[in-house]
Amino acid sequence: MMDELPELDMPQPLRTARLELRPFTREELEAVADGRVLPHFGPGFPSAGDRDWARGAIEAGAHFATESPYSRFVGVELTSGKIVGTGGFTGPVMNGELELEGSVVEDRRHRGLASEALAALVARAFEDPAVHAVHVSVPAETAEAEPARRMLLRLGFAQRSSDGPEDSYHLPRP
């Protein structure tokens, strides 16, 4: 016999000066997984990485992927109402740390949206007393790597040694 899953509180949206980070709707999640574009998706959304994540989220079940306080959110640009990226947590707290991930569509990059979203997510992470640090991985050999590194360093992250194909950045609780 399987145990009942506990009821979870839906994650609360986060608002920055130019973005709302909110949970995916079921319709959005299915569209992203299928590679379909809904009218409120911005140009270039979803990315291949978003599609891969959405497929995995559906396989894991909404309880684990979109209804957890450690979910990935859509980033809605307030001025246009369009989804221009995603951002959030890769899973629950492990060893006192949360991992963050996200992306912004190409035509909205280099405008500070990722910095806004990351700062809001870091603040949300540190609301949990069990979180002692957050970390982010950046693929070492991509066009987005250098701007991402600069942003992370500007926000107080420090680079950690990494054995894999990604660079790791760490931010301890202030």
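The values are calculated or read from the model by the stated rules, or taken from the named source; none is laboratory data. Just so we're clear, the structure is a prediction, and the values are computed from it rather than from any experiment. Because the Cβ atoms are built from the backbone with ideal geometry, glycine has one as well, and the counts that use them run over all protein chains shown. Note: areas computed on protein heavy atoms with side chains; ligands, DNA, RNA excluded. Shrake-Rupley method; radii C 1.70, N 1.55, O 1.52, S 1.80 Å.
Report yes if some residue within the stretch 11-19 is open to solvent by 20 Å² or more (accessible area, probe 1.4 Å) and modelled with pLDDT under 90; otherwise report no.
yes
Find the residue count for the stretch 8-33, including only residues that are out of contact with any helix residue (DSSP H, G or I) (no Cβ under 7 Å at 6 or more places or on another chain), small (Gly, Ala, Ser) and in a loop (DSSP other than H, G, I, E, B).
Result for the stretch 8-33: 0.
Please enumerate the residues belonging to the stretch 104-121 that are surrounded by fewer than 22 Cβ atoms within 10 Å (Cβ to Cβ) and not in a helix (DSSP H, G or I).
Scanning the stretch 104-121 gives Arg109, His110, Arg111, Gly112.
So in the stretch 85-97, with the set limited to residues that are assigned to a strand (DSSP E or B) and under 8 Å from the mean Cα position of the chain (by Cα), which one is surrounded by the most Cβ atoms within 10 Å (Cβ to Cβ)?
Restricting to residues being assigned to a strand (DSSP E or B) and under 8 Å from the mean Cα position of the chain (by Cα), the top hit is Gly88.
Would you mind stating whether Val131 is farther than 28 Å from Glu30 by Cβ and either touching a residue at least 12 places away in the same chain (Cβ under 8 Å) or part of a strand (DSSP E or B) (or both)? Talk me through it step by step, then tell me what you get.
On the way: farther than 28 Å from Glu30 by Cβ: yes; either touching a residue at least 12 places away in the same chain (Cβ under 8 Å) or part of a strand (DSSP E or B) (or both): yes.
Criteria met by Val131.
Identify, from the list Leu100, Leu78, the residue that is in contact (Cβ under 8 Å) with a residue 24 or more places away in the chain and open to solvent by less than 10 Å² (accessible area, probe 1.4 Å). Before you say what the answer is, go through the steps one by one.
On the way: Leu78 fails: open to solvent by less than 10 Å² (accessible area, probe 1.4 Å).
None of the others qualify; the one that does is Leu100.
Can you work out which of the residues in the stretch 34-57 that are open to solvent by less than 10 Å² (accessible area, probe 1.4 Å) and part of a helix (DSSP H, G or I) is nearest to Ser103 (Cα to Cα)?
Among those that are open to solvent by less than 10 Å² (accessible area, probe 1.4 Å) and part of a helix (DSSP H, G or I), it is Asp50.
Can you report the number of residues in the stretch 122-147 which are closer than 21 Å to Tyr70 by Cβ and either surrounded by 13 or more Cβ atoms within 10 Å (Cβ to Cβ) or under 16 Å from the mean Cα position of the chain (by Cα) (or both)? First the steps, then the outcome.
Here is the first cut: in the stretch 122-147, the ones closer than 21 Å to Tyr70 by Cβ are 122-138.
Add one more test, that the residue is either surrounded by 13 or more Cβ atoms within 10 Å (Cβ to Cβ) or under 16 Å from the mean Cα position of the chain (by Cα) (or both), and what stays is 122-126, 128, 131-138.
Selection size over the stretch 122-147: 14.
I'm trying to understand the selection: among the residues of the stretch 148-174, which are part of a loop (DSSP other than H, G, I, E, B) and open to solvent by 30 Å² or more (accessible area, probe 1.4 Å)? Break it down stepwise before answering.
Of all residues in the stretch 148-174, those part of a loop (DSSP other than H, G, I, E, B) come to 155-157, 161-165, 173-174.
Answer for the stretch 148-174, where residues must be part of a loop (DSSP other than H, G, I, E, B) and open to solvent by 30 Å² or more (accessible area, probe 1.4 Å): Leu155, Gly156, Ser161, Ser162, Asp163, Gly164, Pro165, Arg173, Pro174.
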